[in-house]
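Laboratory data are not the source of any read-out in this text; all were calculated from the coordinates shown. Keep in mind it's a predicted model, so treat the numbers as computed, not measured. Cβ coordinates were reconstructed from backbone atoms using ideal geometry, including for glycine residues, and neighbour counts include every protein chain displayed.
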Amino acid sequence: MLKNIIFIALGGGLGSVLRYLSNIYIGKFFPNKGYIATLFANMIGCLLIGILVGYFIKNHSSNEAFKLLLITGFCGGFTTFSTFGLENYNLLQSQNYILTLSYIILSITIGIAFVGLGIYLTK
């Protein structure tokens, strides 16, 4: 268990640092438009998690430590949107269309509402 946590922490730390650096770099080209850096990180994170999951499936890899380091840790640190994308893809693959749509709508609307609630509670 501790070994798994260390792998996740290492990957998460690296992903978070890369996210920070990409925000700085992209911010030089698009000043005052932080959403562009977020969109970039989210889309790259989705592509990366897809590549990693595909690689592990294709190679029948059961290396849990490597999965935790790269998928849970790195992609999770870089963006949690990648996990959201993967979960919705899996729901679509299982033809759970109503659940997929519900998950998307609830995640977005409740997420935005909770941001507003959090800001309101601190006033």
Legend entry - I108 touching a residue at least 12 places away in the same chain (Cβ under 8 Å) and within 30 Å of L21 (Cβ to Cβ): no
Legend entry - Total residues in the range 37-78, condition under 18 Å from N90 (Cα atoms) and among the hydroxyl-bearing types (S, T, Y): 2
Inset, instruction - May I ask you to verify whether G118 is among the small types (G, A, S), outside any loop (DSSP other than H, G, I, E, B) and surrounded by 16 or more Cβ atoms within 10 Å (Cβ to Cβ)? - result: no
